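Remarks on the structure that follows.
The values are calculated or read from the model by the stated rules, or taken from the named source; none is laboratory data. All of these numbers come straight from a predicted model, not from anything done at the bench. FYI the Cβ positions are ideal-geometry reconstructions off the backbone, even for glycines, and counts take in every protein chain you see. These accessible areas exclude ligands, DNA and RNA; they are computed on the full protein's heavy atoms, side chains included. Shrake-Rupley method; radii C 1.70, N 1.55, O 1.52, S 1.80 Å.
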Amino acid sequence: MYEQPGLFDLSPEVREAELRPMDDKLLERPERMRFMSFGSGSSGNCSYIGTPECGLLIDAGVNNNFVTEQLAANSIDIKTIRGILLTHDHSDHVRFAYAILRYNRHMRLYATPKAFNGLLRRHNMSRRISEYHTAIYKEFPFEIGPMTVTAFETSHDGSDNSGFFIQGPGATFVVATDTGTMTARADHYIRQAHYLMIESDYDASMLRNGPYPQHLKARIASTIGHLDNADTGRYLASIASSGTLRRVFLCHLSVHNNTPQLALSTVRGFLEDAGIPVCHDEEPQPNDTRLHVSVLPREKCSKLVLLKEIL
């Protein structure tokens, strides 16, 4: 009959491995962050960032029932979501904020006082949303579970406009959307990002020759409007050589003045001209060191992306 050998019947090399104490760091290894988008564009913006134990929504411009369904479909317990980070007070970012909060009373609405007052002033929304508001301030970090969030200045024509620098287990994630120019503070935080959601709103030629009235074209192309594909590509090419940035999610594409293919090809062109290898496969291979660039869908849910731990 076969007898399992005792410890001291094994070779010296195996004995040494068996006797070596477990590394406490392995026991303390934090849970990794995940990201997904429920919709990105002028029809509505909302995304998720978090760990299995604690999450946040970024904006609330997508139907609350759809958000709830997609969270459940991806095995994310809505009770783990602590609240909504509000970038600014335009309708495509706030339309369903009160509905989400009313059905999930454990959540908070994290917004600067000016952005929150703009929300109340601009929208026909229940004033009871004030019961859920937690004031945040730009450049003042605050903690939500294992994540530390810092709001920073962006350049848009909302009442008050924020991007977010989110430090979580193993990685940093930055949101920089709805900004007509790259502000100094946005640049400061983006340069530290491992994962970046950045707008690539329009193609300049499509906007110039498109159906919008002239005043709207001027607003979009202004420094308090949106970034076009070339702006975004040129900026990414200027920072990506540092090697910090691992993955880029292009967001907020215009339905009338852009296409996913055009945004991706324009941004990729600037990066490759700068000597930065780019991967645009839906799922990059584990050992692929190229910068992964993808486009978030306008009106449907993206896949849930597990953010690789950056050591």
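Values for this structure:
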read-out	value
Cα-based convex hull volume of the chain per residue, rounded to whole Å³	173
Stretchable slack from residue 304 to residue 79, in nm (0.36 nm times residue separation minus alpha-carbon distance)	79.2 nm
Cα gyration tensor shape of region 59-192, rounded if a/c is under 1.5, else prolate or oblate by comparing a/b with b/c	oblate
Å² of accessible area per residue within region 178-259, as computed with a 1.4 Å probe and no ligands counted	40
Accessible area (Å², per residue) of region 106-165, counting only protein heavy atoms and a probe of 1.4 Å	45
Difference of contour (0.36 nm per residue) and Cα-Cα distance, residue 223 to residue 244	4.9 nm
Rg and Dmax [Cα atoms of region 172-222; Å; Rg one decimal, Dmax integer]	13.7, 39
Counted charge near residue 63, where neighbours are those whose Cβ lies closer than 10 Å (Asp, Glu -1; Lys, Arg +1)	0
Kirkwood hydrodynamic radius over Cα pairs of region 138-181, then Stokes diffusion coefficient at 37 °C and 0.692 mPa s, in µm²/s	297
Those lysines that a straight Cα-Cα span of less than 18 Å connects to residue 138, excepting residues fewer than 8 apart in one chain	114
Surface share of carbon and sulfur [accessible, 1.4 angstrom probe, percent] for the chain	51
Span per principal axis, largest first, for the Cα atoms of region 168-306 (Å)	47, 30, 29
Those residues of region 212-252 whose amide nitrogen sits under 19 Å from the label point placed on residue 32, 7 Å along Cα→Cβ	244-249
Residue 65-residue 256 FRET efficiency (beta carbon distance; Förster radius 30 Å; 0.05 resolution)	0.65
For region 210-239 versus region 83-144, the gap between their alpha-carbon centres in whole angstrom	27
